[in-house]
Amino acid sequence: MRAVVQRIAALFRRRHLDDQLDEEVRGHLDLLAAEYERRGLTPEQARHLARRDFGGVEPMKEVYRDRRGLPIVETFAQDVRYTVRALAQHRWFSAVAVLSLTLGIAGTTTVFSVMDAAMLRPIAGRNVGGLVVLEPRRNQERFILFNPEFEALRGRTQTLSGMFAVAEQPFLKVEFPGEPPSYIAASLVSGTYFDVLGVTPSAGRLLTASDDRLAGPDAPCAAVISDALWRRRFARDRRALGSVVRLRDRDCAIVGVVKAAFTGHQAGSVPELWLPLRNVSERRVLESQTQAFYAGVMGRLNPGVTREQAEAELTTLYREIQALEPPLPPTLRQPPKPSELSMGVLPGAAGMGGLRRQFGDALAMMLAAVALVLLIAAINVANLQLARGAARAPELATRLALGASRWRLIRQLATEGAVIALAGGLTGVGLAIILTPRLASVVFGARAASLDLSVDVRVLLAASAATMLTALLVGVIPAVRLSALHSSRRLPLGDRSRESPGSQRLMRTLIVAQCALSLLLVTASGLLLQTSLRLSGIELGFDSGHVVLLEIADETPGGSPSFSARETPDTRARRAAAYRLVDERLNAIPGVQSSSLSWYGLFSMNDLWTTLVDPRRTSDRREARMNFVSSLYFDTVGMRLVRGRTITEADQFEAPRVAVINESLARQRFGDRDPIGAQLTPDFPGDEDRPVTIVGVLEDARYNSLRETTTGPMVWLPLQQAVYRITSVELRVQSGAEAAVSQQAAAVLRSVNPYLMVRRSTTLADQVQGTAARERLLFTVSTAFGGFALLLAAIGLHGTLAYKVARRTREIGVRLALGAQRSSVVGMFFTDALALAATSAAIGVPIALAAGWSLRAFLFGVAPRDPLTVAAACGVLTITVLMASCVPAFRASRVDPVTALRSE
Amino acid sequence: MDEVPYGALDLMVLKTLDGMGPLHGYGIARRIEQIAEGSLALNQGTIYPALLRLEQKGWIKSDWGMSENNRRARFYAITRAGKKQLSIESDLWSRTLAMMSRLLEES
């Protein structure tokens, strides 16, 4: 122990201790020489004999130093110093090496950070390893779980110790005492929620099973708030407990505050209010087999139970329950057969995993792409190192000859690799810290704000793993090559023309690997490019330019929030009047060309399919999408009329009921007959189940998804004749007026009815683009990295060839002197390059085809194994390879035979 | 002349310092040579790593002083721990030697 301390101390006083040893040795020699002189020898002889008696001074010092300090550390420090000097001398090499590794490591770290924040980080519960997510499936596809099924499962399961359901309310309108209504992110949860997750309060108490009972509107109701809300609205005052938060028709008393660390049951949504699900829901809705279903169900495994056991048990139960429950009403187009159903039990440590479901695949693809780039970058640096190492063979041989041990040289080269990797790693992590929030906001949009994007241990581990892997590749390959140099026992001083074929082969293999991997990325980006083009080239059937979209919630008290419930004619009339006024005033805003109100907006992910019955043949009941819109809707979104007329001001509540349909519906229901004047009856509960007369046909359009392969049938009814609460306002504006108009429109809505609240404001173009964001993102990433990978391959190839030219100068000189044409020298290099491209393609194409297949879920309008794309990628690769060979080939052809021969 | 057996040099240094008091490296080397009377091939330089080793173990300590030719020199002296180690090692050596000679005589 004492020796270790002294040794470490010695590291820092090395210079001083060296001086002391020198002095001691000098004194020793002097005394010894003096002794010999006393015996009558001349000073020279005495000095000579003294040195002989003493033995080798330098080897002794070497032993002494090793004994004194920590030799590994010291030689490492020496290696590092040497490396830094060597790298500083080769600025271009160092810059390319460090930069490419930086980008590779930054890319992998960034994507991993985002994945980590969105789906890997455990939620702040107790013993989260026992948590599981339940995923109902129909034919292996995600399905929905209705409340009666959930309750039956919860009552019967033996494998889970607890289960809870969550219904998300990202915009719940609430009123705190003495404040205007506002929106808050809320979760309606089972009473067992906090207990199953194992969350503790920071004040008061949390919800329990007894809070979560069916109750009337006047029954007491408990609410739990987040620590952030407690801080923001109550300044952490304990008097917040017991104060009342007003929902649409309920008053709930705040009973507790969740501890600050708990930000919700999944990444990407941070609820601020938790309410007991059953307590605030209507009995009718909960008991129905069609209405209340859940965004997510989680549970906790009983000790000793595996997920597989739970999966088996719950699947059996889920199927049994189907047999007991009454069959689903025909609104669900095809009721599931019990055998189609199963219950997946997934790990729940990271929570419900909404983001994972949505973006997991895309992020995994991206991680694969960036990891591939890192691999290519590392191979590239290794290759450049190898070329450099071969060029440095004389230097290394000299050092060997001067007595450096072979291990010392290998260590030296490995250190170079490590230093480059470390530099790349450090700058890479730095860059990743900057890039992570950007990537997150590109991927998740507004939801990125609620993610914790701080760098955590796992991210750092991943980054260091990436760095270490790189160091290994970059350092070890040249080092292995060096040991080959040693074992050949040659002293290749000045011998440039004979290079071991082994290193040639290795360099070539590395280049081929690089090219093959680049081919994969280029193919992927080609496939995604076509997807993006196809998606953006899709004929929308409406004009998305300069249209402002407002997502609205009509929170007017009274009436029923649910679609199917009956409302009094009085409520309807009041609402119709308000909407007429809103419509008028919106159209009067300066800069607005036309404006409309609608039940739901285009590409809003809302959809309603309803059955349309032919009144003359009631057996003909087929479904169509349905929307309720105000009179200027079609002008505003720019849909084109084919026949008849659109909805007008005249189509008021008292006027005859009319409808406008699209071409698909016309074709489907009427074939060649003229649909104008024909009648259809929408089959839904309420007082609208009277026939409507078709007055117009519109050109088909895309309504909700770019990927929809065929346009479905659609019908529009006048909003004034079926006055449901609107969720969307559209405004066609003059170019540049978008922002101003959207503010004025919000003000207009407030002035007519303060309960008409704007949740979100966007443009129609953005709304449409947003649905293809994932594809565009993948395309951008794969193109950027594919290009980068190609560039790296080109640099690597250029470096190798340049080295080859330098090495073969003499041979080329001889050829030229013997009468070879310069063009044949150039040809030699190009043939070589083409052979290389061909080898890379032979290896890369199967890999690229496999990669295309794994991308299939993201592709649109292009086959995953599209031969044209693969061929184009091969073409790009070949061109790159040829271009990289140009300069070295040209240089080779300029070799002057006389100089080349003389130089040896 | 023969190599110094492993461990013997340490013991020789400790014994020398124990018997003669503080000495510099040269003095120790000379003393060992005298005792060996030419039966030992000792590069005098090799005692320095040995001295360092002993010092790291705390068996000897060193201090700078003046040598006989009025130069700064490092003087080594045995410590209490060193004396204890010396007695342990000498015991070990004598017992090993006795055993070895018995073994060699018998066969």
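The values are calculated or read from the model by the stated rules, or taken from the named source; none is laboratory data. The structure displayed is predicted, hence computed values, not measured ones. Heads up, the Cβs are rebuilt from the backbone with ideal geometry, glycines too, and the neighbour counts pull from every protein chain shown. Ligands, DNA and RNA are stripped out before the accessible areas are found, and what is left, the full protein with its side chains, is counted by its heavy atoms. Shrake-Rupley method; radii C 1.70, N 1.55, O 1.52, S 1.80 Å.
Points to keep in mind about this one:
- All positions within region B:63-78 that are of a type in the set (S, T, N, Q) and either part of a strand (DSSP E or B) or at the interface with chain A (Cβ under 7 Å from one of its Cβ atoms) (or both): B:SER67, B:ASN69
- Check on A:VAL63, within 9 Å of another protein chain (Cβ to nearest Cβ), touching a residue at least 12 places away in the same chain (Cβ under 8 Å) and among the aliphatic types (A, V, I, L, M): no
- Test set (1) over 30 Å from A:GLY541 (Cβ atoms); (2) open to solvent by 40 Å² or more (accessible area, probe 1.4 Å); (3) in contact (Cβ under 8 Å) with a residue 24 or more places away in the chain - A:GLN744 fails condition number: (1)
- Counted residues, region A:862-882 - those being loosely packed, with under 15 Cβ neighbours inside 10 Å and not in a helix (DSSP H, G or I): 1
- Single unsatisfied condition, A:ALA77 versus (1) open to solvent by less than 70 Å² (accessible area, probe 1.4 Å); (2) under 24 Å from the mean Cα position of the chain (by Cα): (2)
- So A:GLU24, is it closer than 18 Å to B:ASN70 by Cβ, within 14 Å of chain B (Cβ to nearest Cβ) and in contact with a helix residue (DSSP H, G or I) (Cβ under 7 Å, 6 or more places away or on another chain): yes
- As a summary of the residue check, B:MET20 satisfies the conditions (1) surrounded by 12 or more Cβ atoms within 10 Å (Cβ to Cβ); (2) touching a residue at least 12 places away in the same chain (Cβ under 8 Å); (3) more than 8 Å from every other protein chain (Cβ to nearest Cβ) except for the one numbered (2).
- Considering A:LEU529, A:LEU586, A:LEU520, A:LEU612, the condition of being surrounded by fewer than 22 Cβ atoms within 10 Å (Cβ to Cβ) and among the aliphatic types (A, V, I, L, M) is satisfied by A:LEU529 alone.
- Test for A:LEU461: is it open to solvent by 60 Å² or more (accessible area, probe 1.4 Å), more than 29 Å from the chain's Cα centre (by Cα) and without any contact (Cβ under 8 Å) to a residue 12 or more places away in the chain: no
- Picking from residues in region B:24-40 that are more than 10 Å from every other protein chain (Cβ to nearest Cβ) and open to solvent by 30 Å² or more (accessible area, probe 1.4 Å), the one that is nearest to B:GLU68 (Cα to Cα) is B:ARG31.
- Taken over region A:511-538, the residue count meeting the criterion of being outside any helix (DSSP H, G or I) and in contact (Cβ under 8 Å) with a residue 12 or more places away in the chain is 1.
- Among residues of region B:51-62, those that are under 20 Å from A:LEU31 (Cβ atoms) and either assigned to a loop (DSSP other than H, G, I, E, B) or at the interface with chain A (Cβ under 10 Å from one of its Cβ atoms) (or both), counted: 3
A quick yes/no check of all residues on (1) part of a helix (DSSP H, G or I); (2) without any contact (Cβ under 8 Å) to a residue 40 or more places away in the chain; (3) in contact with a Lys or Arg (Cβ under 8 Å, 6 or more places away or on another chain):
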site	(1), (2), (3)
A:LYS804	yes, no, no
A:LEU816	yes, no, yes
A:ALA837	yes, no, no
A:ALA842	yes, yes, no
A:ILE847	yes, no, no
A:VAL887	yes, no, no
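- Region B:79-105 residues that are assigned to a helix (DSSP H, G or I), paired with ones that are open to solvent by 60 Å² or more (accessible area, probe 1.4 Å) and not hydroxyl-bearing (Ser, Thr, Tyr) (beta carbon under 7 Å, 6 or more apart): B:LYS83/B:ASP18; B:LEU86/B:LYS15; B:LEU86/B:ASP18
- Matching residues in region B:69-80 - criterion: being touching a Lys or Arg at 6+ places or on another chain (Cβ under 8 Å) and either open to solvent by 50 Å² or more (accessible area, probe 1.4 Å) or among the hydroxyl-bearing types (Ser, Thr, Tyr) (or both): B:TYR76, B:THR79
- In region A:381-389, the count of residues that are part of a helix (DSSP H, G or I), out of contact with any strand residue (DSSP E or B) (no Cβ under 8 Å at 6 or more places or on another chain) and more than 30 Å from A:LEU472 (Cβ to Cβ) is zero.
- If you go through region A:436-447 and keep only what is surrounded by 17 or more Cβ atoms within 10 Å (Cβ to Cβ) and in contact with a Gly (Cβ under 8 Å, 6 or more places away or on another chain), you end up with A:PHE444, A:ARG447.
- Meets criteria (open to solvent by less than 20 Å² (accessible area, probe 1.4 Å) and in contact (Cβ under 8 Å) with a residue 40 or more places away in the chain) for A:VAL642: no
Conditions (1) open to solvent by 60 Å² or more (accessible area, probe 1.4 Å); (2) away from every other protein chain (no Cβ under 14 Å), marked per residue:
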{"site": "A:ARG7", "(1), (2)": "no, no"}
{"site": "A:ARG15", "(1), (2)": "yes, yes"}
{"site": "A:LEU29", "(1), (2)": "no, no"}
{"site": "A:LEU41", "(1), (2)": "no, yes"}
{"site": "A:GLN45", "(1), (2)": "yes, yes"}
{"site": "A:GLY55", "(1), (2)": "no, no"}
{"site": "A:PRO59", "(1), (2)": "yes, no"}
{"site": "A:VAL73", "(1), (2)": "yes, yes"}
